[in-house]
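Taken together, the values in this text are just the output of simple stated rules run on the coordinates, not laboratory data. Note that this is a predicted model, so its numbers are computed, not measured. Counting neighbours? That spans all protein chains shown, and the Cβs are built from the backbone with ideal geometry, glycine included.
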Amino acid sequence: MTWATPQYSRSQVNRAGDVLIADLRSPNDEDWALQVINNWRASHSFPLNTFQMGLRTRARQVDSSALIAQRVKRLSSIEYKLRIQPGMRLSRMQDIGGCRAVVADVPAVRNLRDLYVKSHLKHRLVKEDDYISEPKRSGYRSVHRVYRYVSDRSATYNTLQIEVQMRSQLQHAWATAVETVGTFLQQSLKASQGSDEWLRFFTLMGSAVARLENTTLVPDTPTSRSELIRDLKHYITCLDVHGKLSAYSATIRTLEKPEVRGAHYFLLDLRPSEGTVTINTFARNELQVATAQYLETERQLTGPGSEAVLVSVESLGLLRRAYPNYFLDTGVFLDTVKRAVA
C-alpha cells in the first residue's frame, strides 16, 4: 500500500490555510491551496491508521463490542476552525486526523483511558481533555488525547498530530444528534452557534445524560433532578423534539454505489435538500483514489446542509452506528430523551 507523504513545507501549508479563508482569492490560488490542504490531511492517514489499530486493540480489552472509526477532517471543518480561531495555523491544527472509540459506558471509557496512561507509547502526549469530569458548557462530554507521532521507521510522519477520542454510547448519541439537528437548521450547533432554544435543550440533555451515567453535571444547569426534568420537558414540547427528529431520518434515502470487496474506506455524501446520502466504498489499497474523490466531492457540494466525509470503519454494517448523523438517524438519542424525563 502506498501512503501519502507531506509534499509541502509547513509554511506552504499555513499559506494554503490563509488562502482558504481569504475573502478574495484567484481561481489559481484556490486550486493550489486545495491541492496543498488535501495532501496535508491525506498525509495523516498513515499515523492515523497506526493509532486506530492501537485504539481498537485497547478498546476491545474493555468492551468486546467497542465501535472504532477514523476520519480525516472535512475541508469545511478546517475552514470553519481557521475562521473562528484567529491565529490558528493549519500546520498546528491538532485534529486533522482523528480516531474514536465508542464503548458501553463511562467505566469502560475510564478503563480505556487508563490503558493509555499505563502504556509506554513512544508517541508524545501533547494534551488531554477530560470533558466527562469537566463537561463543556455546551453539554459535550468525552475524553480526548492528542498525540504527536514519533517513529524511527517512519520518520516522514514524525511530528504529525493525531487526536484519540473515547466516549460512551450515550455520549455518542448526544454528540451525533447535535450534528444532525445542526445540519437541518444549517447552524453550527456543534460549535455552540445557532438557535438559543436548541442549544439550551442540548445543554440540558448533556446534564441529563450525566445523571444517567452518574458523572459531573454540565455547568449552569439545574442540580435538582426535578428542575432539570421540568426544564427539559419545556424545550421538548416547544421545539417538538420527538416530532422533528423522527421526521429527519424519514427524509433520507441511502444510495449505495456497488460495494468494493473488502471495503475499508467509505465516502459519505449527504445532501439533505435532495433527501439522499450516497456511499462510495474503497478498498484498503485505494486510499489515493478515495482522497482525490473526497476533495472533488467537497468541491461539488451544493444545497443547504450538504456535507461529505471520508471515514474508515470495519464494515459497511457498522457505518450507520459510527456516523448516524450522516443518515440523520437520532433513534438512540430519542430513546435517551425518553429515559431522561421518565
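Details
- For the peptides 298-309, 103-114, residues were scored by their other Cβ atoms within 10 Å and the scores averaged per peptide; the highest-first order is 103-114, 298-309.
- Taking Cβ atoms as reference points and 12 Å as the exclusive limit, the residues near Thr176 contribute a net charge of +3, counting Lys and Arg as +1 and Asp and Glu as -1.
- Based on the Stokes-Einstein relation at 37 °C and a viscosity of 0.692 mPa s, and on the Kirkwood radius from alpha carbon pairs, the chain is assigned a translational diffusion coefficient of 157 µm²/s.
- Crossing angle, helix 45-62 versus the chain [Cα axis fit, 0-90 degrees, rounded to tens]: 40
- Listed pairs Lys81/Lys122; Lys73/Lys122; Lys190/Lys244; Lys118/Lys190; Lys127/Lys244; Lys190/Lys257 exceeding 27 Å between Cα atoms: Lys81/Lys122; Lys118/Lys190; Lys127/Lys244; Lys190/Lys257
- Protection proxy ranking of 89-95, 193-199, 38-44 - average other beta-carbon atoms within 10 Å, highest first: 38-44, 89-95, 193-199
- Environment charge at Ser9 (Cβ cut-off 15 Å; Lys +1, Arg +1, Asp -1, Glu -1): +3
- Taken one residue at a time, the phi angles of segment 101-117 give Karplus couplings (6.51, -1.76, 1.60, θ = phi - 60°) of 10, 10, 10, 4, 7, 5, x, 5, 4, 4, 5, 5, 4, 5, 4, 5, 4 Hz. Gly and Pro are set to x.
- Value in Å of the Kirkwood radius, where segment 10-169 supplies the Cα pairs that are averaged: 16.8
- Label-zone membership for segment 149-170, site Asp129, 7 angstrom Cα→C-beta point, backbone N under 13 Å: 163-166
- Estimated distance in nm for a label pair at Lys122 and Asn28, the labels positioned 7 Å out from Cα along Cα-to-Cβ: 4.4
- Proximal charge balance of Ser246 [Cβ under 15 Å; K/R count +1, D/E count -1]: -1
- Distance in nm between pseudo-label sites at Asn158 and Val341 (7 Å out along the Cβ direction from Cα): 5.6
- Ordering of 23-33, 332-342 by packing [mean C-beta count within 10 Å, highest first]: 332-342, 23-33
- Here segment 1-124 is assigned +1 on the Cβ of each Lys and Arg and -1 on the Cβ of each Asp and Glu. Its dipole about the Cα centre then comes out at about 540 debye.
- Check: the chain dipole with +1 on Lys, Arg Cβ and -1 on Asp, Glu Cβ, in debye: 920
- Here segment 216-342 has an Rg and Dmax of 18.5, 55 Å, counting Cα atoms alone.
- Residue-averaged 222 nm ellipticity for the chain, from DSSP H runs of 4+ at -39500 (n - 2.57), nearest 500: -14500 deg cm²/dmol
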